[in-house]
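Here the structure is laid out as structure tokens; the discussion comes afterwards.
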Amino acid sequence: MFTKRQKTIMLRPIVFGLLCIVLCPWSVNAQTMVYLEHSETLSFDKERLENAQILRGNVIFRHEEALMYCDSAYFYEGTNSLDAFGHIRFVQGDTLHGYCDMLFYDGNTKLARMRHNVKLVHGLENANPTILTTDTMNYDRKENIAYYYSGGEVRDSLNTLTSIRGNYQPDNNQAVFSEDVVLTNERFTLTSDTLLYNTETKVADIISPTTIVYEEETTIRSSRGWYNTQTERSMLLDRSVVEHTDGKSMTGDTIYYDKVIGFGKVLHHMAMCDSVRHATLYGEYGQMWEQDSRGYATDSALMVDWSDSLHYAYIHADTLFTEEIWYSDSLLMADSTLTDSTYRRVRAHHGVRVYRDDMQMVCDSMVYLGCDSTIYLYTDPICWSDNQQISADSMRVFIVNGVIDHAIGIKNALCVMNDSTDIYNQMSGKQITAYLTDGEVRTVDVSGNALTIYYPKDDNSGYVGLNTTESSFIRVYIEDQQVQRIRFTQQTTGVLYPLDQVPENGDRLALFFWEEASRPTDPDDVFRKAKVQSRTIKPESGKSKDKKSKK
């Protein structure tokens with residue numbers, strides 16, 4: 001009889017032996033042995049290949065669920081490995097087939113080294129499979145990954161990809177390519193240094209500087225994002241660019257782009273450039289439609305017009321729109337001077353501020369028409385040039401060859417010239433037209449109940465007094481930002497007051513206001529939120545209450 005302690009001591013080596021059987025790697029290898037299924041001949045050459053079985057004729061090996069076919073082989077049963085030669089076919093499951101001229105297989109590591117005329121086919125061969133071809137490939141069955149390092153090609157139903165290095169995972173259809181990566185499609189070509197690609201979803205993940213070129217149409221440049229080669233939709237990050245051969249481009253921190261419908265959406269630091277019409281649209285958010293070249297920007301929206309290299313125009317508003325408008329066929333036939341079939345239209349809504357070094361403008365909304373190079377200003381517009389300020393209910397600014405030619409103020413029109421501190425020459429009427437030469441106002445026409453207040457000077461540039469006039473039409477000539485002379489119609493009334501006898505409020509027209517504080521002073525100042533003072537129309541100076549009551 002054995003004591004309890006003696007039984008415990010006797011059981012210990014038995015338990016240890018069982019653990020060795022369970023944990024010992026040899027037991028695992030025993031379950032994953034490479035088996036010879038068939039060979040027409042089997043021989044040995046102890047002097048040349050001491051540990052090898054030499055097999056010839058329809059040789060077949062099996063390792064787990066994989067089958068390997070070849071013309072001849074060396075089988076190293078002791079190391080659980082083999083070398084196969086001639087017409088090699090490797091089959092794993094129903095959807096993975098490999099072909100090559102030479103195969104070196106290790107059953108312990110499950111690594112297949114395939115050499116010369118290598119082809120790996122994933123998927124049913126009659127259902128558009130993924131095909132990898134190269135001259136040198138290793139296939140790791142344990143991780144189920146195939147990789148090449150001396151040049152290869154992966155082809156699926158839609159695209160063909162080539163690179164120096166690459167790997168492919170049949171489990172998730174994911175491929176990684178590096179060094180001289182080229183993806184070719186019947187519509188475009190993609191080049192990159194490193195690219196991730198899924199052969200099932202047809203999505204390319206961009207992780208390095210990448211260029212996508214649509215021949216004679218569009219070029220996409222990005223270093224991060226994704227591109228669906230099937231739907232041609234993409235999400236592009238890190239200051240990506242979409243360029244078109246017609247001179248238009250779109251840049252942004254984040255771009256959503258749909259090539260099929262020609263639509264792009266940009267977030268953060270957007271820039272839409274038209275190098276033909278010399279204009280760029282900026283903003284923190286914007287959208288673009290390739291059809292009609294339509295686009296808009298909002299959130300710090302800014303348009304820079306650089307058609308005149310000497311006078312850039314900076315336009316800011318809450319929202320800016322730009323689009324191309326087609327001339328009608330009848331107009332094209334009637335006007336032989338038209339050199340283009342379209343013209344640009346720009347619309348700015350709410351809080352419009354414009355800076356040019358020769359003129360500055362503010363209003364609530366604005367429209368620019370490229371067909372006649374005219375700017376339309378609506379709701380409390382004001383224009384400044386040098387020491388002159390022009391305002392009206394609405395205004396039009398005409399540009400000729402990139403230079404402002406003249407501006408028209410319509411209804412409640414007012415022109416004010418700041419001659420010196422608190423001295424303002426003023427003109428008002430139903431319409432005011434200011435003509436510019438070399439960026440300076442040289443002539444001002446006032447029509448319809450034209451009123452003026454101005455300060456004539458003597459030969460020593462001293463003020464003679466204050467002159468008030470009323471006429472149906474007045475023309476004012478200006479030189480060096482000073483009133484030189486004024487021409488009136490025959491039916492004109494006026495009074496010249498000595499400076500010490502000017503009536504109370506007689507130095508201001510009813511429409512007078514001076515809004516220098518709201519004037520944009522430089523390109524950055526267009527973003528300033530300036531509140532324009534209220535324009536309350538006062539009674540005209542020098543008019544009696546009786547006249548007003550009759551009126």
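The values are calculated or read from the model by the stated rules, or taken from the named source; none is laboratory data. This structure is a prediction, so every number in the text was calculated from the model and none was measured. Neighbour counts are summed over all protein chains in view; Cβ atoms, including those assigned to glycine, are modelled from backbone coordinates with ideal geometry.
The set of residues in the stretch 164-191 that are under 22 Å from VAL213 (Cα atoms) and in contact (Cβ under 8 Å) with a residue 24 or more places away in the chain comprises ALA175, LEU183, THR184, ASN185, ARG187, PHE188, THR189, LEU190.
Where residues in the stretch 135-163 are of a type in the set (Val, Ile, Thr) and without any contact (Cβ under 8 Å) to a residue 40 or more places away in the chain, which of them is surrounded by the fewest Cβ atoms within 10 Å (Cβ to Cβ)? If we take residues in the stretch 135-163 being of a type in the set (Val, Ile, Thr) and without any contact (Cβ under 8 Å) to a residue 40 or more places away in the chain, then THR160 is surrounded by the fewest Cβ atoms within 10 Å (Cβ to Cβ).
Across the stretch 476-495, the qualifying residues are those that are among the hydroxyl-bearing types (Ser, Thr, Tyr) and out of contact with any Phe, Trp or Tyr (no Cβ under 8 Å at 6 or more places or on another chain), and the one among them that is nearest to TYR463 (Cα to Cα) is TYR477. Those strands (runs of 3 or more DSSP E) of the stretch 201-282 in which 3 or more residues are over 30 Å from GLN169 (Cα atoms) occupy 233-244, 248-258, 263-274. When ASP357, ASP380 are screened for being part of a loop (DSSP other than H, G, I, E, B) and touching a strand residue (DSSP E or B) at 6+ places or on another chain (Cβ under 9 Å), only ASP380 passes.
Residue-wise test of (1) surrounded by fewer than 18 Cβ atoms within 10 Å (Cβ to Cβ); (2) at positive phi.
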| position | (1), (2) |
| --- | --- |
| VAL182 | yes, no |
| LYS202 | no, yes |
| ILE206 | no, no |
| GLU216 | yes, yes |
| MET235 | yes, no |
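Taken over the stretch 478-500, the criterion of being outside any loop (DSSP other than H, G, I, E, B) and in contact (Cβ under 8 Å) with a residue 24 or more places away in the chain is satisfied by ILE478, GLU479, GLN482, VAL483, ILE486, THR493, GLY494, VAL495, LEU496, TYR497, LEU499. The combined condition, being modelled with pLDDT of 90 or more and either among the polar types (S, T, N, Q) or touching a Pro at 6+ places or on another chain (Cβ under 8 Å) (or both), is fulfilled by SER447. What number of residues in the stretch 404-439 are charged (D, E, K, R) and over 18 Å from GLU516 (Cβ atoms)? So the count comes out to 4.
Inspect the stretch 125-134 for any residue being in contact (Cβ under 8 Å) with a residue 60 or more places away in the chain and assigned to a strand (DSSP E or B) and give the result as yes or no. There is at least one residue in the stretch 125-134 that is in contact (Cβ under 8 Å) with a residue 60 or more places away in the chain and assigned to a strand (DSSP E or B).
Of all residues in the stretch 501-526, those satisfying the criterion of being of a type in the set (Asp, Glu) and free of Cβ contacts under 8 Å to residues at least 24 places away in the same chain are GLU504, ASP524. Can you find even one residue in the stretch 520-527 that is more than 52 Å from the chain's Cα centre (by Cα) and of a type in the set (D, E, K, R)? Scanning the stretch 520-527 turns up no residue that is more than 52 Å from the chain's Cα centre (by Cα) and of a type in the set (D, E, K, R). Which one of ILE408, ILE423 is touching a Ser or Thr at 6+ places or on another chain (Cβ under 6 Å) and either among the β-branched types (Val, Ile, Thr) or more than 18 Å from MET359 (Cβ to Cβ) (or both)? Result: ILE408 is the single residue among ILE408, ILE423 that is touching a Ser or Thr at 6+ places or on another chain (Cβ under 6 Å) and either among the β-branched types (Val, Ile, Thr) or more than 18 Å from MET359 (Cβ to Cβ) (or both). Scan the stretch 70-95 for residues that are buried (at least 20 other Cβ atoms within 10 Å of the Cβ) and either within 21 Å of LEU132 (Cβ to Cβ) or not assigned by TED's automatic domain parsing to the domain that holds ARG141 (or both) and the total you get is 5. For the stretch 250-268, the tally of residues that are under 9 Å from the mean Cα position of the chain (by Cα) and surrounded by fewer than 17 Cβ atoms within 10 Å (Cβ to Cβ) stands at 3.
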